[in-house]
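The values are calculated or read from the model by the stated rules, or taken from the named source; none is laboratory data. The model shown is predicted, which means the values in this text are computed figures rather than measured ones. Positions of Cβ are generated from backbone atoms using ideal geometry, with glycine treated the same way; all protein chains shown enter the neighbour counts.
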Amino acid sequence: MVKDVSSNISKLKSLSSLHLSGCVIVKFPIVDVRSPSLRFKSLMCKHMDRCKSLKLLSELPPYLLDFIEHDCILLRKVSFADQNLYQFDSSDDDYMFLMLFFNCFNLNQESTNNIEANAMLKIGSLAKKWAARYGREKRRGNFQRLICCFPGNKISANIFKCQSMNSSLSLKIAPNGGSGSRFLVFAICLVIDLTDCRRLLDCSCEYQLTAAAGGNGGGGYEELGSVISLFKLPEPEKCMGDHVFILSSIDMVKEDQNYEEASFEFYIRNWGLEDEDVDMKVERCGVHVFYVDADDTDATDDTDATEKKHAGN
């Protein structure tokens with residue numbers, strides 16, 4: 001069993017996958033490397049779940065694809081490296097992004113803020129890629145999504161300014177001030193009590209977009225739906241209590257037709273055996289809209305610039 005990891009590991013330029021599940025590591029090594037070419041440039045997957053002694057994860061690469069840390073019961077601090085030292089891989093939007101901190105109950109507030117900000121940084125980058133593929137035939141398996149989870153019962157008011165204390169909400173769509181077309185990309189945040197959950201979970205989102213009369217949509221509304229399947233998640237020892245989920249997928253991209261309002265309803269299906277399927281209660285929900293210009297795919301949203309920078313702190 002691995003107990004220590006050399007700080008020189010960050011200099012392995014070709015390292016793409018790191019699996020240390022169940023090891024007794026206390027902290028992931030930090031090294032002050034000024035050159036961005038020496039900071040885990042190729043690392044895509046990092047699994048350190050069930051590391052019961054792990055307390056610190058610092059300066060993590062901001063665009064990790066597969067990041068699994070569940071059941072690290074002593075993990076307190078998580079931070080990410082400056083995103084400006086890295087480049088989002090144009091091929092990564094084909095995959096499912098995972099950021100799993102099930103049962104990491106010792107995380108401090110700064111760490112959960114960092115995790116939230118990093119998830120939104122990734123969704124913002126994915127939004128541009130997903131919008132560029134809008135209207136194309138979906139790829140087999142449709143793994144193009146992001147799933148982030150950590151313990152907690154609060155939704156960030158700075159990131160998800162539209163919130164509800166139940167499973168539904170409505171929000172206003174910002175007017176399109178430009179002359180060109182744009183896309184709407186929705187990121188959702190849910191609080192769910194996972195105490196009675198099984199491994200097979202689906203998040204279903206039903207939403208309605210209402211268009212302004214006389215615009216591109218000609219008025220009226222459109223009803224849409226999306227299912228983000230969680231059943232492929234690694235199985236924690238036993239999920240306990242409230243957890244925050246941040247989710248998005250390529251199905252949550254919609255070309256704007258002069259929409260002025262969006263209404264959402266969320267369901268969590270807890271799949272069981274035979275007739276034991278049960279819908280779990282959504283304690284709280286929130287929605288954030290990324291606005292992606294169709295001409296240059298520059299994503300803009302209502303997140304303050306300082307919060308975007310915080311994703312790399």
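A few notes on this one:
- Subset of region 40-59 (residues that are among the aliphatic types (A, V, I, L, M) and either crowded, with 21+ Cβ neighbours inside 10 Å or touching an Asp or Glu at 6+ places or on another chain (Cβ under 8 Å) (or both)): L43, M44, M48, L54, L57
- Close pairs from region 212-234: first closer than 13 Å to E260 by Cβ, partner at pLDDT below 70 and of a type outside the set (D, E), Cβ under 9 Å, at least 6 apart: A212/G219; A213/G219
- Single residue of region 207-239 satisfying the filter (touching a Phe, Trp or Tyr at 6+ places or on another chain (Cβ under 7 Å) and under 23 Å from G178 (Cβ atoms)) that is modelled with the lowest pLDDT: G217
- Residue count for region 156-172, restricted to those that are farther than 19 Å from S249 by Cβ and in a loop (DSSP other than H, G, I, E, B): 6
- Selection status of D295, among the acidic types (D, E), modelled with pLDDT under 90 and touching a Gly at 6+ places or on another chain (Cβ under 8 Å): yes
- Scan of region 107-121 for residues that are surrounded by 20 or more Cβ atoms within 10 Å (Cβ to Cβ), without any contact (Cβ under 8 Å) to a residue 60 or more places away in the chain and part of a helix (DSSP H, G or I), ordered by number: S111, I115
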